[in-house]
């Protein structure tokens with residue numbers, strides 16, 4: 001194998017490793033989320049993590065820092081005890097990922113759902129950003 005082929009192979013292996021790390025970090029994050037475990041989420045976020053909520057319209061709310069984001073989720077879980085997010089698809093490229101999801105819960109005694117996407121950035125195996133967008 002010539003040096004150019006070797007470099008290309010090493011680059012491809014690095015990309016595959018990074019993508020697997022990204023996928024694993026997001027899967028763990030989603031599992032902790034569906035368990036409504038803010039402490040587990042906190043352990044999976046970088047210190048400087050950013051979360052952009054889908055509301056208020058039109059741009060949502062930006063929350064910065066692990067402690068502030070974990071506090072946000074802790075309060076959100078208390079208000080949405082039956083909420084579940086089902087990942088429909090995850091598209092990973094390097095340390096970035098887009099997750100298509102369905103958020104389900106009961107509203108006024110009836111099943112309710114909302115579709116959306118999250119754009120994630122992962123750094124050192126932890127979530128550095130989660131930017132949320134919804135339909136409608």
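What follows draws every value from the coordinates through simple rules; no lab data is involved. Quick caveat: nothing in here was measured; it's all calculated off a predicted structure. Cβ placement follows ideal geometry from the backbone for every residue including glycine, while neighbour counts extend to all protein chains displayed.
Can you tell me how many residues in region 81-125 are out of contact with any helix residue (DSSP H, G or I) (no Cβ under 6 Å at 6 or more places or on another chain), under 21 Å from residue 65 (Cα atoms), touching a residue at least 40 places away in the same chain (Cβ under 8 Å) and crowded, with 17+ Cβ neighbours inside 10 Å? The total comes to 0. The numbered conditions (1) part of a strand (DSSP E or B); (2) within 15 Å of residue 29 (Cα to Cα) are all true for residue 74 except (1). For region 34-52, a residue qualifies if it is in contact with a strand residue (DSSP E or B) (Cβ under 8 Å, 6 or more places away or on another chain) and surrounded by fewer than 16 Cβ atoms within 10 Å (Cβ to Cβ), and the qualifying residues are 34, 48.
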